[in-house]
Structures are given as C-alpha cells and as structure tokens.
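In what follows, a structure is listed as structure tokens, so that the remarks can point back to it.
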Amino acid sequence: MSKILMINGSPHEFGCTYTALQEVADTLEKHAVETEILYLGKKPMQGCIACMNCKKTGLCTFKDHVNEISSCLDDYSGIIVGSPVYYGGPTGQLCSFLDRLFFSSGNKMAGKLAAAVVSCRRGGATSTFDRLNKYFTMCNMYIVGSQYWNQVHGIKPDDVRKDIEGMQTMRTLGLNMAWMLKNINTGMQQCIESIDYEKTVYTNFIRN
C-alpha cells in the first residue's frame, strides 16, 4: 500500500494549513492511499549550519524530526509539504526543517511524488508555493499538479472550508496523486526499470 507523508509547517496544529492538508488526505484515503501528517510543533527548529557531517554519516548532526523522517523515507511514496504564508514565504521553522532534510537525505527523494500546499489570508501564496517546489525539483521528484495552484484562503479553518475553489483544488490534487501512484505501482509490477541517473556534476561560476 502506498503511503504519503504530509508535513504541517504551521505553528497551529489544526489551523488553516492542516484543514487544506486534511482535505487532500481524505481524498487519498478514499483511493486506498495511506497518509501520515507530521506536525513540526512550536519549538524552535535548528537551521542548517553546513557542517557537512551528514555527507559522512547520512544523518544530520542535530537529533530531531529531521533524522526521524530521514530514517523512514523509504516507507513513503511521496511527500506533501504545507505552510502558511509568512511575509511572502513559508514559515522559517519549515524552511529550516526542509533545508536539513533535503541536504542530508536528498538522495532518498528521487522517484517520489511531491506537492506543496499553501494557506494564506490574501496574498503571498504563489511565492511561497514557488519556494517549496524548489526543494522537489532539485531531487528528481515528480511534482503533482492540480486544477490551480495549491492554495487556500482564510484566517480560520472555517474560512478555508468556505473557499470552495481552494478545497476542490485540494481534492483534485489528491485525485491526481492517487492516480499517479497507481500508474507507478503498475509499472513496478510490470518490471519497468527505474531511471539510472548519471553521476551528478557540480560546477561553479568562477573560472581560473
């Protein structure tokens, strides 16, 4: 059975971001896709300090949610990341978490499905959406689309539930992700080989 990890990057455990994620989760569950919502909590989240220790050990040097998720990434077929808008971007806590998770475990992300979900009062949703999607595009993940950008509007969960288009967008996202998972699983059953990537080449823009 496929399983999707949903990350709630809001400080409010059952707020607007959760309401949007839960709508996606309900749709996925209806199509036999298991979901798990990870709430990051309200405590400070350590940012990446570029110590490079993870490149030696495979784990982040800081012991928290990052390593807990990294150790079980193989159990998930995809990731959905949700955040409210803070000054036109995701929450700092979520960015710190994702910076460390993707830097230490980016090699485990390839081939998984991915999507971002954003909650806002009025504006800043698309820039936040763009920032979150950048994590996925750098790690050979397959971004799942919907009928519109994955955003909902409101100050309270009840407001979000009244955002008819936004909630439909969440359900459509769930439908698309479930359909893609079925196709991937069918391909695996037919022994379709996974992609054999070239070794990554890193360059910079300074030349001698």
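Each value in this text was obtained by applying a stated rule to the coordinates, not by laboratory testing. Owing to the predicted nature of the structure, the values given are computational and were not obtained by experimental measurement. Every residue, glycine among them, receives a Cβ derived from its backbone with ideal geometry; neighbour counts consider all protein chains shown.
A few notes on this one:
- Convex hull volume per residue in cubic angstrom - Cα atoms of the range 114-200: 94 Å³
- In the range 168-202, chymotrypsin sites (Phe, Trp or Tyr not before Pro) in a DSSP loop with at most 10 other beta-carbon atoms within 10 Å: 197, 202
- From least to most packed, judged by other beta carbons within 10 angstrom and beginning with the fewest, 100, 122, 207, 131 follow the order 207, 122, 131, 100.
- Of all lysines in the structure, the ones whose alpha carbon falls short of 23 Å from that of residue 42, not counting any fewer than 8 places away in one chain, are 63, 156.
- Think of it as helices only: each DSSP H run of n ≥ 4 in the chain is worth -39500 (n - 2.57), and spread over all residues that comes to -12500 deg cm²/dmol at 222 nm.
- Within a Gaussian network of the chain (alpha carbon springs, distance under 10 Å), most fluctuating of 39, 76, 87: 87
- The range 50-98, Rg to Rh (Cα coordinates; Rh as Kirkwood inverse mean 1/r): 1.03
- For the range 4-25, no residue has its backbone nitrogen under 12 Å from a point 7 Å from the Cα of residue 43, taken along Cα to Cβ.
- Alpha-carbon centroid distance for the pair the range 3-36 / the range 168-208, whole angstrom: 21 Å
- Reduced Cα scattering model of the chain, Debye log10 I(q)/I(0), q = 0.14, 0.18 Å⁻¹: -0.84, -1.31
- If R0 equals 41 Å, the separation of the Cβ atoms of residue 75 and residue 122 corresponds to a calculated FRET efficiency of about 0.65.
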